[in-house]
Amino acid sequence: MQFLDLAATPSVPWKNGGGSTRELACWPPGAGMDSFAWRVSVATIARPGPFSAFPGVDRQIMLLEGDGVQLQAAAGQWQHALTQRWEPFAFSGEEPVDCRMLGGVSTDFNLMLRRGEWGGSLQVLRDVPPAEGAAAGLCMVLQGTWRYEDSDGRPARMLAAGQGLWWVSEGGEAAPLITPVRRAEGAMSADDAPVLAWVALHRGSTP
């Protein structure tokens, strides 16, 4: 179990100068871009241009902040406007993808899975995550406050926006217990309501 804090995560500039990436977690730890089994990151897109190709990798992307971008397969098979925050979109990493800016700088959440090794999904939750165990996973608070409770009976830990944790289970343990912290009725606006990015992963291909 590892805690994460987006604000304290180093930012690495892209080689093409179009943006930067903050890696939240990858497996195995320290793996490079050609050898990870799964990887979760937050990217800042500052300029239009092509996405890097990742053959054999399934990708999921979600807008966090900004005006968004227009994504289009280079061969024209599909296009997608990434303009609504917190709405995941999936595509294949081997597809050459062009990115066009729809305004200013945008920030997005990225999940990459090595096909055949790991499968899983990115969800946006407003309530308690599913209780079933996952071989690995990650959660990051998008809005509000969430409470993490340790099964060892240690004091609960409060997580704010940009904070979270990731884990890899070797023996089928249950996923971490994390719950939304809600204010008294009438004291919370839609902008305060707890929202969580939840990544649940399993070994093998996506069913």
Loop GluC sites (Glu not before Pro), the stretch 98-152 (other Cβ atoms within 10 Å of the site Cβ: 14 or fewer; DSSP)
132
Would you mind classifying the chain by shape? Square roots of the alpha carbon gyration tensor eigenvalues, ordered a ≥ b ≥ c; an a/c under 1.5 is rounded, otherwise it is prolate if a/b is larger than b/c and oblate if not.
oblate
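Placing unit charges on C-beta atoms (Lys and Arg positive, Asp and Glu negative, everything else neutral), compute the dipole magnitude of the chain about its Cα centre in debye, rounded to 20. The partial results should precede the final answer.
Numbers: 16 positive and 22 negative charges, 57 e Å.
Charge dipole of the chain: 280 debye, to the nearest 20.
Going by a ≥ b ≥ c, the root eigenvalues of the Cα gyration tensor, does the stretch 43-85 fall in the rounded group (a/c under 1.5), the prolate group (a/b larger than b/c) or the oblate group?
Details: a/c = 1.61, a/b = 1.41, b/c = 1.14.
Prolate is the answer for the stretch 43-85, as a/c is 1.5 or above and a/b outweighs b/c.
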Long-range amide H partners of residue 118 with built H, under 5 Å:
204
Given H placed on each backbone N at 1.01 Å, which residues far from residue 161 in sequence or on other chains put an amide H within less than 5 Å of it?
144
Rounded to one decimal in nm, the spacing of the 7 Å Cα→Cβ label points at residue 147 and residue 78 is 4.0 nm
Output wanted: per-residue J couplings in Hz (rounded whole) for the stretch 92-106, from phi through Karplus 6.51 cos²θ - 1.76 cosθ + 1.60, θ = phi - 60°, x for Gly and Pro.
8, x, 7, 6, x, 10, 9, 10, 10, 6, 10, x, x, 4, 10
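Rule-based calculations on the coordinates, nothing more; no lab input. What you see is a predicted model; the values in this text were computed from it and never measured. Neighbour counts run over all protein chains shown; Cβ positions are idealised from the backbone, glycine included.
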